[in-house]
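Asks: Before I ask anything, let me first share the structure, which is written out below as structure tokens.
The values are calculated or read from the model by the stated rules, or taken from the named source; none is laboratory data. Since this is a predicted model, take the numbers as computed values, not measurements. So basically every Cβ, Gly included, is an ideal-geometry build from the backbone, and we count neighbours across all protein chains shown.
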Protein chains: 2
Amino acid sequence: MVTMLEVTDISAGVCCAPLVREPLGASDAEILAHKIKALSDPTRLRLLSIVAASEDQEACVCDLTEPVGLSQPTVSHHLKILTEAGYLTRTRRGSWAYFRLQPEALELITQFLSLPART
Amino acid sequence: MVTMLEVTDISAGVCCAPLVREPLGASDAEILAHKIKALSDPTRLRLLSIVAASEDQEACVCDLTEPVGLSQPTVSHHLKILTEAGYLTRTRRGSWAYFRLQPEALELITQFLSLPART
DNA sequence: GCTCGCTATCGATAGATGTCAATATCGACT
DNA sequence: AGTCGATATTGACATCTATCGATAGCGAGC
């Protein structure tokens, strides 16, 4: 399994637009698509935005079920997907599971999709 | 149907991170998720990147089937999704359909997902 | 140790999605 | 008009996905 797309390129500032620089390879596309797919659901976007807008950018499951109006298992399911994709981190404190935003993951996506300035 | 997320806010430079500024409403989340979903497939990412890396940032279906290794109907299907989501535009010249990158659509997504500088 | 509350997992189900073969459409050229 | 090549649409199918109810696991406090 590839290290992590072209993170090295990005952090090294090689260029600015991996998507444009050259045709995406099949395996890189697979990895990138997987990360983007985690963002492609309205409920997950709302969960992410609620967490991001929360105090200390963290929230527990109990804070999230009511705002999105879905069952607790469903919310847990979405949080798991977001966590596995790297957008959230999970820490247990007492009985509660707190989810915190992981900004680097979002930055990676935005940098990957960003285009060079047009002429 | 909502105008278009918070494009006005973005272009007015209200802030920088719609996702973080406040919890996303259900209908805005729906629209944004739909646009992101168009990017959440490896084949579509590859098609987009091939078009972007092409001469004049445009390509026809015939240029695209072989690189991605899928049938012509499948490629047409993906191109339709990308076009309807606003990432590509389609113009016919003779028998060929040329697809061109629409950078604004990608910029909208990246701006929407971008976060404010951390402290 | 038991119970209680919070979270995760399981099983089921309806609906969405990616893919192809077959076919239709459309434009160009004779 | 008729044919041919490029693209789009249709129908079918297997797979994936979002959702829920039921249930299991896990900390805390008694």
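Asks: Of all residues in the range B:64-89, count the ones that are more than 8 Å from DNA strand C (Cβ to nearest atom) and under 15 Å from B:LEU101 (Cα atoms).
Replies: 11
Asks: Counting only residues that are of a type in the set (Asp, Glu) and surrounded by fewer than 12 Cβ atoms within 10 Å (Cβ to Cβ), how many does the range B:55-83 have?
Replies: 3
Asks: Quick check: is even one residue across the range A:35-46 over 18 Å from B:SER114 (Cα atoms) and either out of contact with any Leu (no Cβ under 6 Å at 6 or more places or on another chain) or touching a residue at least 60 places away in the same chain (Cβ under 8 Å) (or both)?
Replies: Yes, some residue in the range A:35-46 is over 18 Å from B:SER114 (Cα atoms) and either out of contact with any Leu (no Cβ under 6 Å at 6 or more places or on another chain) or touching a residue at least 60 places away in the same chain (Cβ under 8 Å) (or both).
Asks: Related question: For residues in the range B:65-79 being without any contact (Cβ under 8 Å) to a residue 24 or more places away in the chain and on the phi < 0 side of the Ramachandran plot, which is farthest from DNA strand D (Cβ to nearest atom)?
Replies: The selected residue is B:PRO67.
Asks: In addition: What's the total number of residues in the range B:1-60 that are at pLDDT below 65, assigned to a loop (DSSP other than H, G, I, E, B) and of a type in the set (A, V, I, L, M, F, W, C)?
Replies: Of the residues in that region, 7 qualify.
Asks: Quickly run through the range A:88-106 and pick out the residues that are away from DNA strand D (no atom under 14 Å from the Cβ) and touching a helix residue (DSSP H, G or I) at 6+ places or on another chain (Cβ under 9 Å).
Replies: Of everything in the range A:88-106, those that are away from DNA strand D (no atom under 14 Å from the Cβ) and touching a helix residue (DSSP H, G or I) at 6+ places or on another chain (Cβ under 9 Å) turn out to be A:LEU88, A:THR89, A:PHE99, A:ARG100, A:LEU101, A:GLN102, A:PRO103, A:ALA105, A:LEU106.
Asks: Within the range A:16-54, which residues are more than 7 Å from chain B (Cβ to nearest Cβ), buried (at least 22 other Cβ atoms within 10 Å of the Cβ) and of a type in the set (A, V, I, L, M)?
Replies: A:ALA38, A:LEU47, A:VAL51
Asks: State whether one or more residues within the range A:98-119 are near DNA strand C (Cβ under 9 Å from one of its atoms), without any contact (Cβ under 8 Å) to a residue 60 or more places away in the chain and aliphatic (A, V, I, L, M).
Replies: No, there is no match, as no residue in the range A:98-119 is near DNA strand C (Cβ under 9 Å from one of its atoms), without any contact (Cβ under 8 Å) to a residue 60 or more places away in the chain and aliphatic (A, V, I, L, M).
Asks: Is it fair to say B:ALA85 is modelled with pLDDT under 95 and either among the hydroxyl-bearing types (Ser, Thr, Tyr) or within 24 Å of A:LEU39 (Cβ to Cβ) (or both)?
Replies: No; evaluated as a whole, the condition is false for this residue.
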